[in-house]
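**Q** Just dropping this structure here.
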Amino acid sequence: MAVRARDTVPFYRERCPVGGLAGPVRSAELAGRLHLLTPFARPFDPAEEPTLWTGVPADLGAALRTAIGASRRTPVIEGRRSWVHWQTLGRAGAPYAAVLTGAVPHTDLDERARLLAADGRAVLVAGPTELAEVGTRIGHRGPVVARVSAEQAQHWRGGAAVVFDRHLGYYAALGGCARWHLSWRRFHAVVGREGLQVTALRRTRPTLVRVIPEHPGFRAVTWCPAHGTPVLQP
């Protein structure tokens, strides 16, 4: 991934020494760099495609399967700061609805969320301080999963949770074994001198290689003895 990023993506090309590889980059440094994070051969065109930070629906689905064992058909309601028109989490994925959160609630956009929440099966995902307000707004009666930062994960005692970074998206989840499982089919992680570095394995728009999450929190990558898959150690 590092070689491909160096050879095909402007952002990494300008950061690499001659013959070198893409080094770690802090998530905060990616803000406002959309036009540099896509391959030369297919540059970002804001007139033709939505923002690259919308997220990947399937990443959320994978994190929820780890966190609560949600099936690929379990409806999902996500509280978020920007609107998306997704109806499912990926192709033929679970039914999905977005709920806008923030200082001014957009209740006129809540209809689909209310419909999904009606039978009590839908999972609600939102920030810890948003779950109660959003749940009341849409009449949610199903399971809830908190969206936390790596920093919040260090001392988390609030039940099911998924780890989120505004550029990487959902890259880990608290499993039933009480360990923070990396979504290893979709992300790779190592720990270097500057901390945790995460690479998105399935994304090229944007290309995200060795990104250090915004908030520190995880200090090691180990293996889960119960599942034999990578876990992040606070």
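**Q** Taking Cα pairs under 8 Å and at least six residues apart, what relative contact order does the chain come out at, in percent?
**A** Contact order relative to length: 19 percent.
**Q** With a 1.4 Å probe and all protein chains kept in place, how do 203, 112 rank by accessible area, largest first?
**A** Descending accessible area places them as 112, 203.
**Q** Principal axis lengths of region 136-234 from Cα atoms, whole Å, largest first?
**A** So the extents along the principal axes, rounded to whole Å, are 43, 34, 23.
**Q** If the label point is 7 Å along Cα→Cβ of residue 219, which residues in region 125-163 have backbone nitrogen under 19 Å from it?
**A** It comes to 149-157, nothing else.
**Q** Starting from 0.36 nm per residue, how many nanometres of slack lie between residue 26 and residue 121 once their C-alpha separation is accounted for?
**A** 30.5 nm
**Q** In addition: Given R₀ = 30 Å, what would the calculated FRET efficiency be for residue 141 paired with residue 226, taking r from the Cβ atoms and rounding to 0.05?
**A** My answer for the efficiency is 0.45.
**Q** Okay, moving on. Pop the C-beta distance of residue 13 and residue 51 into the FRET formula with R0 = 30 Å and round what comes out to the nearest 0.05.
**A** Computed FRET efficiency for residue 13 and residue 51: 0.85.
**Q** Suppose we look only past 17 Å in the calculated P(r) of region 105-173. What percent of the Cα-Cα pairs does that tail hold?
**A** Distances greater than 17 Å cover 45 percent of the Cα pairs.
**Q** Sticking with this one: In units of 2.2 N^0.38 Å, what is the alpha-carbon radius of gyration of region 10-119?
**A** 1.36
**Q** Additional query: Loop only by DSSP, 16 or fewer other Cβ within 10 Å of the Cβ. Give me the GluC sites (Glu not before Pro) in region 2-74 that pass, ordered by residue number.
**A** When the GluC sites (Glu not before Pro) of region 2-74 are filtered for loop state and at most 16 Cβ neighbours within 10 Å, 48 remain.
**Q** I've got another one for you. Express the accessible area of the chain per residue in Å², computed with a 1.4 Å probe while the remaining protein chains stay in the model.
**A** Ligands and nucleic acids excluded, the result is 50 Å² per residue.
**Q** Sticking with this one: How large is the charge dipole for the chain, taken about the Cα centre, if only the Cβ atoms of Lys, Arg (+1) and Asp, Glu (-1) carry charge, to the nearest 20 debye?
**A** The calculated dipole for the chain is roughly 680 debye.
**Q** Okay, next question. Would you tally the net charge around residue 174, using a Cβ to Cβ cut-off of less than 14 Å, leaving residue 174 out, and scoring K and R as +1, D and E as -1?
**A** Charge balance near residue 174 sits at +4.
**Q** Rounded to the nearest Å, what's the spacing between the alpha carbon centres of region 44-75 and region 120-198? Just the number, please.
**A** 13
**Q** Using a Gaussian network model of the chain whose springs link C-alpha atoms within less than 10 Å, name the residue from 208, 168, 36 with the highest mean-square fluctuation.
**A** 36
**Q** Viscosity 1.306 mPa s, temperature 10 °C: what is the translational diffusion coefficient of the chain from Stokes-Einstein with a Kirkwood Rh over Cα pairs, rounded to a whole number of µm²/s?
**A** 86
**Q** Once neighbouring chains are kept in place and the probe is 1.4 Å, which whole percent of the accessible area of region 157-234 is contributed by carbon and sulfur?
**A** Its accessible area is 51 percent carbon and sulfur atoms.
**Q** I would also like to ask the following. When the accessible area of region 49-105 is split by element with a 1.4 Å probe, what percent falls to carbon and sulfur?
**A** It is 57 percent, rounded to a whole number.
**Q** How far, in degrees from 0 to 90, does helix 57-68 lean away from the longest principal axis of the Cα atoms of the chain, to the nearest 10?
**A** 60
**Q** If you take every residue apart from residue 221 with its C-beta less than 14 Å away from the C-beta of residue 221, what net charge results, scoring Lys and Arg +1 and Asp and Glu -1?
**A** Local charge sum for residue 221: +3.
The values are calculated or read from the model by the stated rules, or taken from the named source; none is laboratory data. Remember, it's a predicted structure, so these values are computed and weren't measured experimentally. Neighbour counts are summed over all protein chains in view; Cβ atoms, including those assigned to glycine, are modelled from backbone coordinates with ideal geometry. Remember, those area values only see protein heavy atoms, side chains included, never the ligands or the DNA or RNA. Shrake-Rupley method; radii C 1.70, N 1.55, O 1.52, S 1.80 Å.
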